[in-house]
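Notes for the one structure printed next.
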Amino acid sequence: DLVGEGNQGHIVTAPFVQGFVVNPSEKQKSSSPEARAPTPPTGSPPRVSTPPVSPPSPQPTPQPSPPVTNVCLALRPVQQTQNQCQIQRINALEPNERVEAEAGYTEFFDSSEQQFQCAGVEVIRHHIQPQGLMLPSYINTPLMVYIRQGRGYYGVMMTGCPEMFQSSQQMEERGSFQDRHQKIRHFQPGDVIVIPAGDPHWIYNDGQDEIIAVVMLDSTNAANQLDQFHRRFFLAGNPKQSGQETPEEGSGNIFRGFDLQMLSEVFNVDQETASKLQSPDDTRGHIVMVDRGLQVVRPPIRMQHQQHGGPANGVEEAVCSAKLTANINDASRPDFYNPEAGWTVHLNSFKLPILQMMQLSAERGVLYRNAVMSPYWIMNAHEIIHVTSGSMRMQIVNNEGQSVFDDVIQEWQVVVVPQNFAVMKQAGQEGCRWISFRTNDNAIMSTLAGRTSAIKAMPMSLLLAVVMKIMAVID
């Protein structure tokens, strides 16, 4: 039975399970303030014997160093300390901060949570209303965006790349100004967008529905040498004057720090025009409304999809023309499919080559009513799971064989599964859909049940010896 000679994979139906029940005492325990606080590992630290040390020779009195002020030191990527992933209790997290703007708002998950610190990531959610524009900005970390809802287009300004989109001569003859800019890309529900660290980007909603974008920021990525939290640098607007404190390290318009006279000389404009770059009186926040719509040079949606249709040959994946978007919401092209239980789609660097540079990947998962995903672990990455609809019961077990999470994760909640922690999932009565971000461009999953499981790969005699030994102990 352990070997599993049947034809079932790692996602199966549960014919004998009618829903799932969580022990009320355990649920209350996990939601209490005491349970949220991480428990330090038990046991005394090992004793270390040290040889006797002779008294130090007299040294000259050091002179006091001059005080250092207003200095930002560039740091290497923050490495996890030894006990940073010694997690005794994992909780399903919800946003704890919300920053409003004229045309939407952004929700922030608490980046100081131990499970986020362990994985070295942060999670935020953008809500952008129709005709809403998220102002241009850049961040010190790479980010991966999943479009939960809505349509629109976005731009990523890559340093040194040419302006490949330009207005036609007929438009200029009719009085329109000349417009040249870098590539603009469309997106739709189910798309995953990747943006390298330091590249300015913006998002615009040209659809009828609100855009809901789930964003994972890899704070400990090698591209980030600033500090362990992300910082956003705006190129427009005045977000700090929106009347709210933003958790994004006091993000503001970087043009406000430059001298107005120097700005006017650099951009070859008068000071009145240069002052608009600083936007001193703008109180609309980081997402603004474009009343007459945003008119930019962009190809039709169908043409853009045709351009990305063929297989990659390495030439078109140059930095300036790299594909940054892939849809993982297509059930007709799954990586695993069970018509009665569910399906999954994986997005890695083999499907989207730029992920190799960013060291990130993603998975879109769907479980039908009461279906079960057998226990597995990710061998080389942390996994950040965000439920987009429905609910599921999850059990997460650490290396000590202890359950650090046994609860229901609801829609819009987030759970972090540390590397090599074993996890099992069971969908609720309404099924479950989720997006998971992984901190490796080719995350490898190892299962404990099914045809490709570690148990099935073991010799039969070994399994018999282990089982017989356990039975002898029980007797």
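The values are calculated or read from the model by the stated rules, or taken from the named source; none is laboratory data. As the structure is a computational prediction, the values presented were derived from the model and not from experiment. Here the Cβ is made from the backbone with ideal geometry for all residues, glycine too, and neighbour counts use every protein chain on show. Surface accessibility is based on the protein's heavy atoms, side chains included, excluding ligands, DNA and RNA. Shrake-Rupley method; radii C 1.70, N 1.55, O 1.52, S 1.80 Å.
Residue-level analysis places Tyr138 outside the set of residues that are within 28 Å of Leu347 (Cα to Cα), modelled with pLDDT under 95, open to solvent by less than 10 Å² (accessible area, probe 1.4 Å) and part of a strand (DSSP E or B).
Kindly establish whether Phe255 is assigned to a loop (DSSP other than H, G, I, E, B), among the aromatic types (Phe, Trp, Tyr) and either modelled with pLDDT under 90 or in contact with a Leu (Cβ under 6 Å, 6 or more places away or on another chain) (or both). So Phe255 fails the test. Residue check: is Thr452 in contact (Cβ under 8 Å) with a residue 40 or more places away in the chain, within 22 Å of Val345 (Cα to Cα) and part of a loop (DSSP other than H, G, I, E, B)? Criteria met by Thr452. Val397 falls short of the stated requirement of being within 24 Å of Asp191 (Cβ to Cβ) and either modelled with pLDDT of 95 or more or in contact with an Asp or Glu (Cβ under 8 Å, 6 or more places away or on another chain) (or both). Residues that are modelled with pLDDT of 90 or more and either in contact with a helix residue (DSSP H, G or I) (Cβ under 8 Å, 6 or more places away or on another chain) or open to solvent by 40 Å² or more (accessible area, probe 1.4 Å) (or both): does region 149-170 have at least one? Checking region 149-170: at least one residue is modelled with pLDDT of 90 or more and either in contact with a helix residue (DSSP H, G or I) (Cβ under 8 Å, 6 or more places away or on another chain) or open to solvent by 40 Å² or more (accessible area, probe 1.4 Å) (or both). Against the test of being polar (S, T, N, Q) and in contact (Cβ under 8 Å) with a residue 60 or more places away in the chain, the options Gln359, Gln395 yield a single qualifying residue, Gln359.
Conditions tested, residue by residue: (1) modelled with pLDDT of 90 or more; (2) outside any loop (DSSP other than H, G, I, E, B).
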| site | (1), (2) |
| --- | --- |
| Met216 | yes, yes |
| Gly237 | no, no |
| Ser251 | no, no |
| Leu277 | no, yes |
| Val288 | yes, yes |
| Pro299 | no, no |
| Arg302 | no, yes |
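Looking for whichever is touching a residue at least 40 places away in the same chain (Cβ under 8 Å), under 20 Å from Glu122 (Cβ atoms) and open to solvent by 50 Å² or more (accessible area, probe 1.4 Å) here; the options are Gln410, Gln402, Gln419, Gln429. Which one fits? Exactly one of Gln410, Gln402, Gln419, Gln429 is touching a residue at least 40 places away in the same chain (Cβ under 8 Å), under 20 Å from Glu122 (Cβ atoms) and open to solvent by 50 Å² or more (accessible area, probe 1.4 Å), namely Gln419. Can you tell me which residue in region 432-456 is least open to solvent (accessible area, probe 1.4 Å), limited to those that are closer than 20 Å to Val214 by Cα and of a type in the set (Ser, Thr, Tyr)? Out of the qualifying residues, it is Ser436. The residues in region 367-406 that are assigned to a strand (DSSP E or B) and within 21 Å of Pro418 (Cα to Cα) can be counted, and the count is 24. Does any residue of region 311-322 turn out to be open to solvent by less than 30 Å² (accessible area, probe 1.4 Å) and modelled with pLDDT of 90 or more? Taking every residue of region 311-322 in turn, none turns out to be open to solvent by less than 30 Å² (accessible area, probe 1.4 Å) and modelled with pLDDT of 90 or more. Within region 190-214, track down each residue that is open to solvent by 30 Å² or more (accessible area, probe 1.4 Å) and part of a loop (DSSP other than H, G, I, E, B). Ala197, Gly198, Asp206, Gln208, Asp209, Glu210, listed by residue number. The set of residues in region 370-399 being surrounded by fewer than 17 Cβ atoms within 10 Å (Cβ to Cβ) and more than 20 Å from Ser446 (Cβ to Cβ) consists of Ser389 alone. Against the list (1) open to solvent by less than 50 Å² (accessible area, probe 1.4 Å); (2) at pLDDT 85 or above; (3) assigned to a loop (DSSP other than H, G, I, E, B), the condition Thr283 fails is (1).
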